[in-house]
1. Name the residues of the range A:42-56 whose accessible area, probed at 1.4 Å, falls by at least 40 Å² once all protein chains are in place instead of their chain on its own?
2. Accessible area per residue of chain B at 1.4 Å probe, in Å²?
3. Provide the net charge surrounding A:ILE216, with neighbours chosen by a C-beta distance below 15 Å and charges set as Lys +1, Arg +1, Asp -1, Glu -1.
4. Please compute how much accessible surface disappears when B pairs with A, both sides summed, using a 1.4 Å probe, and round it to the nearest 100 Å².
5. Enter the accessible area of A:ARG53 (Å², nearest 10), with the probe set to 1.4 Å and all protein chains included.
6. Rank-order A:37-46, B:39-48 by packing density, defined as the average count of other C-beta atoms within 10 Å over each peptide's residues, highest first.
7. Roll a 1.4 angstrom probe over the protein heavy atoms and tell me the percent of accessible area of the range B:1-82 that is carbon or sulfur.
8. Kindly point out which whole DSSP H helices in chain B project their C-alpha atoms 15 angstrom or further along the helix axis while averaging a Kyte-Doolittle hydropathy of -0.5 or above.
Amino acid sequence: MIAEFITLLYSKTLLTAVEMPLQSDMVLIGDLLQFIGVFVSFSIAYVAYRGVRHTDSSALLRLATAFVFLGFGFLVEGLVGLDQLVPFLPLTATAIVVGGLLLETTGYFFLAFSHAVDVLLSKRIGPALMLFPIFTISGAQLQNVLSFFAFYFVLYGVVETIYSYSRTKRPDTLFIALGLSLISAGTFFQWLSLLYQYVGVLSLLQIILQEMGLLILFTPVLGFARRGAKLDGAI
Amino acid sequence: MVQYRTQVRIIADVLSTARDMNTEGTGVGITALLRRGNMSYSRMTKLLSELVGSGLLTELNGDKISKYMISEKGIQFLAAYHSFEDFAQSFGLRL
């Protein structure tokens, strides 16, 4: 009797029955958290765009472009999550999911590109340029490849930001490097979650790390707002 | 380490010089701007005419030479530049 109970307790059927709703809830929470990413990304993009208008800076233009892409990427991923709340919305199509991931990866690319241009302007070889993308396309799906590229681009941003900190010694630059590191870890878990889809906790871990990182990236926007720079009509 | 300066950085440098060296309120001569701006005469005169044209600098015509003074718009531009420079540097980037 006891043996049967233990067998039943640990049987795959029972575990699946308990795990499935839990996993579904985690995914739903994760998808809703994407909207924080949307808000943070568009806020950063807005401040950077204001900078472009006032100073014509190409560095800020690249930063704004990166966060516009990231914002739309998170928006698409968040909307896909709404499919669970509004069942008749046919948003789970693979093309839409891949599209969201493509937007996100493009955003990370522009972030890395900003640093690459900064490296060229400062006439130095960035330490991150030594990191070449090492990935395997063994019949991997497009999602896997995009996730890996996203991870690589953010990692490049992390290394360059840390290098920038070593030059400027600004604590807020180090703080941003921490934020990017968390996003980098998040994108790594995103990649892993695609490879090991049966480990549900990876997706939630990815979202939590990514959102924590994005909230840290929001601090320069808060600082900018706090200074209350009255910049309209400067140029 | 030698670094390339972006156009906006050069403009900010020239405006900062025009502001900081104008201690007597009579403007700053092109020689002082050249010394601090680290660029050729022809490039500086072209830039100065652009800055005067856009209202960031005011040209004071003297007896022999022209002097330049930062305008209110130029001061606003510098404030904006430093705010956004701070923002960009937080992300490890330079304007």
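The values are calculated or read from the model by the stated rules, or taken from the named source; none is laboratory data. Fair warning: this is a prediction, and the values are worked out from it, not measured in the lab. Virtual Cβ from ideal backbone geometry, glycine too; neighbours counted across all protein chains shown. In case anyone asks, the SASA skips ligands and DNA or RNA and just uses the protein heavy atoms, side chains included. Shrake-Rupley method; radii C 1.70, N 1.55, O 1.52, S 1.80 Å.
1. The answer is A:THR55 - residues whose exposure falls by at least 40 Å² when every protein chain is included.
2. For chain B, the solvent-accessible area averages 52 Å² per residue.
3. Charge balance near A:ILE216 sits at -1.
4. 2900
5. 140
6. The most tightly packed comes first, giving A:37-46, B:39-48.
7. Values: 2360 of 4710 Å².
Looking at the range B:1-82 in its full context, I get 50 percent from C and S.
8. B:7-20, B:41-53, B:72-90
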